[in-house]
Structure formats: C-alpha cells, structure tokens
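*Asks:* Below are the structure tokens for one structure; questions will follow.
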Amino acid sequence: MQFEVIPAIDLKAGKCVQLVQGVKEHELISINNPLDVATRWIDEGADTLHIIDLDGAFGEENTNTRIIFEILDLSERRGVTTQVGGGIRTVEYAARLLEAGAARIILGTAALENPDFVETLVHTYAAERVMVALDARSGEVQVEGWQKGAGESPAKLAQFFEKIGAGWVLFTNIDVEGLMRGILIDPIVDLISAVNIPVIVAGGVTTIDDIKLIQKSGARGAILGSALYKGKITLTDALNAVKEGRVQEDL
C-alpha cells in the first residue's frame, strides 16, 4: 500500500476548524462551509480525507452529522477514501458511517473503555475498516478529549488492539499537535516498531521534511492540519514529495 498524505477536516458546530493542542476554545482556523473545504482538497489531489467530529469527541451536542454524510457522499462520488472519527460510541452509528462509504472508522475513548466494541466491528466489517486512535501526551495515551490519562504507552496499547483485531492505528502526538513547530520522530518510530499493522501519524506535521521523515519511518500516512490551513505547506507539494520518495525507494 502507498503512503497517504491526508488533509484533516475537523468539524465543530458545523464549521471546519483547526484547534491548538486540542483546546476547543482555541480555534486557529474556522471555515463556514466544510463541504467546500473537502471539495478543495479533492480537487488538489487528495486520495484520502480525515474527518473528525470534534463535538462528538468532546461529548457535546452533535451538530455535524449532516455535513459528515455530505462529505462521505461527495468523496464516494469522486472516488476518494475517507476515515471518520469523533464520538463513535455505538455499533449502529459506526454501521451508518461505513455503509455510507467511510473506508475506516476511528475509535478513540470508546475503544479504550470497551475493547469488545472494536472486536464486534472487526468481526462484522473486517479489520481494515477499523482504526484505533492513540493520542499521547508525554508518552501516555489520553482519553475523553485529551482530558484524562489512560496510564499506558501508545506502543503497549497498539499491541493490545492489534491482538484483538484492529486493522489500523492512528497516532497523534499531542505534545506537538497544532503548534506548527514540527514533529517528534522518536515516539513515531517506537510505535511503528511495536506493531505490524499500518500506522497513520498526526501532530506537528509542518514541513515537507516532516512528511519525508514520517514516510521513511515506515508509517502508512501523515495527517495534514494546521500547517496546511495556514499555508505553511501545500497539498500539491506534499503529494509531490511523497511521490519522489517512492521513486527513490524503487531505484
């Protein structure tokens, strides 16, 4: 499988936003029409979109369901892969997303609190459609909107979820997330070396060099967020850099 460069579409109160350090009151970016954002990234060459319902993740009233399904419909019509997370706590809602075209659903707190939920979805839909999100601060996985420590390392939990059947891991390093100061590669390498399932990396991706480092680490993809929306990096440049990396590997 090819390395994926994945634009983030984070939804809050019906808008596309980018938060700093996951703090819901600290919006770096706020765009009124998320469907226009999705269209832009698809037009610029995105093969995959990363859609997160922040209100759902924070356990607040969900105002994003309609736009999520509109983006899923657009993506399916345009032949673009989607992964969706945030507030997925029931088999019924997960099923709605998967049946609407989501290639992968992302489970965070729900997976940690109820591993049987992961197993049920894996057995019903297949491992490759179930991604577990492990968001870490200072080496400890966080839950409940990054408000509470889980008491375990990302590598240990990744191994556990791989064992029970999850097909993907999404790793976010909260220490650098949203700051546009670059990635920390060591935690990424530690996690990737601990499992055999594909890992997608988020948090701190700011430059082309960051993307190249993540690609070389063995990760399957990188999420582009604040740096993409603030113009520090363009999707076109990121996609071209990844293609160059593939060519060099083939030589």
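*Asks:* So which helices (runs of 4 or more DSSP H) are wholly in region 31-94 and hold at least 1 residues that are farther than 21 Å from Val201 by Cα and without any contact (Cβ under 8 Å) to a residue 24 or more places away in the chain? Break it down into steps so the answer makes sense when it comes.
*Replies:* Details: elements: 34-43, 54-57, 65-78.
Where helices (runs of 4 or more DSSP H) fall fully within region 31-94 and carry at least 1 residues being farther than 21 Å from Val201 by Cα and without any contact (Cβ under 8 Å) to a residue 24 or more places away in the chain, they are 34-43, 65-78.
*Asks:* Only one residue in Gly59, Gly145 is closer than 22 Å to Ile223 by Cα, out of contact with any Lys or Arg (no Cβ under 6 Å at 6 or more places or on another chain) and at pLDDT below 95. Which one?
*Replies:* Numbers: Gly59 fails: closer than 22 Å to Ile223 by Cα.
The unique qualifying residue is Gly145.
*Asks:* Scan Leu191, Leu134, Leu98, Leu184 and give me the residue that is surrounded by fewer than 17 Cβ atoms within 10 Å (Cβ to Cβ), at pLDDT 95 or above and either hydrophobic (A, V, I, L, M, F, W, C) or within 30 Å of Phe69 (Cβ to Cβ) (or both).
*Replies:* Working: Leu191 fails: surrounded by fewer than 17 Cβ atoms within 10 Å (Cβ to Cβ); Leu134 fails: surrounded by fewer than 17 Cβ atoms within 10 Å (Cβ to Cβ); Leu98 fails: surrounded by fewer than 17 Cβ atoms within 10 Å (Cβ to Cβ).
Among Leu191, Leu134, Leu98, Leu184, only Leu184 is surrounded by fewer than 17 Cβ atoms within 10 Å (Cβ to Cβ), at pLDDT 95 or above and either hydrophobic (A, V, I, L, M, F, W, C) or within 30 Å of Phe69 (Cβ to Cβ) (or both).
*Asks:* Shifting gears a bit: Can you tell me which residue is farthest from Val130 (Cα to Cα) among those in region 189-224 that are within 16 Å of the chain's Cα centre (by Cα) and polar (S, T, N, Q)?
*Replies:* Looking at the filtered set, the residue picked out is Thr206.
*Asks:* Do we find a residue being within 21 Å of Gly22 (Cβ to Cβ), out of contact with any helix residue (DSSP H, G or I) (no Cβ under 7 Å at 6 or more places or on another chain) and among the acidic types (Asp, Glu) anywhere in region 153-169?
*Replies:* Within region 153-169, not a single residue is within 21 Å of Gly22 (Cβ to Cβ), out of contact with any helix residue (DSSP H, G or I) (no Cβ under 7 Å at 6 or more places or on another chain) and among the acidic types (Asp, Glu).
*Asks:* Go through region 2-29 and give me each residue that's under 21 Å from Ala219 (Cα atoms) and part of a loop (DSSP other than H, G, I, E, B). Walk me through how you get there before you give the answer.
*Replies:* Within region 2-29, the subset under 21 Å from Ala219 (Cα atoms) is 2-9.
Those that are under 21 Å from Ala219 (Cα atoms) and part of a loop (DSSP other than H, G, I, E, B): Gln2, Phe3.
*Asks:* Quick one: which residue in Leu28, Leu35 is touching a helix residue (DSSP H, G or I) at 6+ places or on another chain (Cβ under 8 Å), under 26 Å from Trp146 (Cα atoms) and not basic (Lys, Arg)? Reasoning before the result, please.
*Replies:* Numbers: Leu35 fails: under 26 Å from Trp146 (Cα atoms).
Answer to the check: Leu28.
The values are calculated or read from the model by the stated rules, or taken from the named source; none is laboratory data. Quick caveat, the model's predicted, so the values are computed rather than measured. All Cβ positions, glycine included, derive from the backbone under ideal geometry; neighbour counts span all protein chains shown.
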